[in-house]
Amino acid sequence: MSFIFRHLYYFLQTFRKYNINTPLRIAHFLAQITHETGNFRWLTELGGKSYFKKYDIQFNPKKAKELGNLQKGDGYKFKARGFIHLTGRANYQKYKEYSGIDVINNPALAARIDIALDIAGWYWQNNNINTYSDIDDVVTVTKKVNGGTNQLSERKAYLDYYKLQKLSLPFLETKVV
């Protein structure tokens, strides 16, 4: 929780902008991003340049095309960044078109806390995840965020923790320093 409170201003911006505005929606959002970032330790996918060849047109053309990685080196350049991982040139371009933030020419911006939270909120809204949060469907929420149900039990544990916190916007707004 200390990470959240240290950056509460940006969390509140995201919650308001993307209607993550009930305790259950907040709990689901926080559970997913806590897991996706290794409990807020990593905002950039881990691995050396050779690891990201799996996303590169030279080495894995099928996957690279799915991600819009059409130039040599795009796999590494547009690796996953953020709280909900923005991956691939095509997704970076979509976010740039939406926000006006040039994550194409400066992909590292996607890992800056304020922008990373905005990307997560944008993704959350575009994938209608509030709907599944509202009915407490952690399996569908996880599939929407992760594409599968990887580490579902850990995500459920984070969700249970955040539900117990009963985090509401009015409560969180009193905590902004």
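The values are calculated or read from the model by the stated rules, or taken from the named source; none is laboratory data. As the structure is a prediction and not an experimental result, all values here were calculated from the model. As a convention, Cβ positions derive from the backbone with ideal geometry for all residues, glycine included, and neighbour counts pool all protein chains shown.
Some notes on this structure:
- Residue list for segment 46-68, filter: within 13 Å of Lys79 (Cα to Cα), under 21 Å from the mean Cα position of the chain (by Cα) and among the acidic types (Asp, Glu): none
- Screening Asn146 on (1) at pLDDT 95 or above; (2) buried (at least 16 other Cβ atoms within 10 Å of the Cβ); (3) in the same structural domain as Gln13 (by TED's automatic domain parsing) shows it passes everything except condition (1).
- Listing of helices (runs of 4 or more DSSP H) fully contained in segment 126-177 that carry 2 or more residues being among the aromatic types (Phe, Trp, Tyr): 152-165
- Contacts under 7 angstrom Cβ, first residue in segment 15-35 being in contact (Cβ under 8 Å) with a residue 24 or more places away in the chain, partner of a type in the set (Gly, Ala, Ser), 6 or more apart: Lys17/Gly121; Tyr18/Gly121; Ile20/Gly121; Pro23/Ser168; Leu24/Ser133; Arg25/Ser133; His28/Ser133; Ile33/Ala120
- Search result, residues across segment 97-129 that are more than 24 Å from Leu12 (Cβ to Cβ) and crowded, with 17+ Cβ neighbours inside 10 Å: Pro107
- Check on Glu36, of a type in the set (Asp, Glu), closer than 28 Å to Tyr132 by Cβ and not assigned by TED's automatic domain parsing to the domain that holds Ser133: no
- Filter result (farther than 14 Å from Leu117 by Cβ and of a type in the set (A, V, I, L, M)) within segment 8-48: Leu24, Ala27, Ala31, Leu46
- In segment 160-171, the residues that are under 14 Å from Phe15 (Cβ atoms) form Cβ pairs under 7 Å with partners that are of a type in the set (S, T, N, Q), at six or more places apart or across chains, as follows: Leu169/Asn21.
- Filtered residues of segment 81-115 (kept if among the small types (Gly, Ala, Ser) and in contact with a strand residue (DSSP E or B) (Cβ under 7 Å, 6 or more places away or on another chain)): Ala110, Ala111
- With respect to being more than 17 Å from Met1 (Cβ to Cβ) and β-branched (Val, Ile, Thr), Thr174 falls outside the description.
- Test: residue in segment 51-70 that is closer than 28 Å to Arg6 by Cα and either surrounded by fewer than 18 Cβ atoms within 10 Å (Cβ to Cβ) or among the charged types (D, E, K, R) (or both): no
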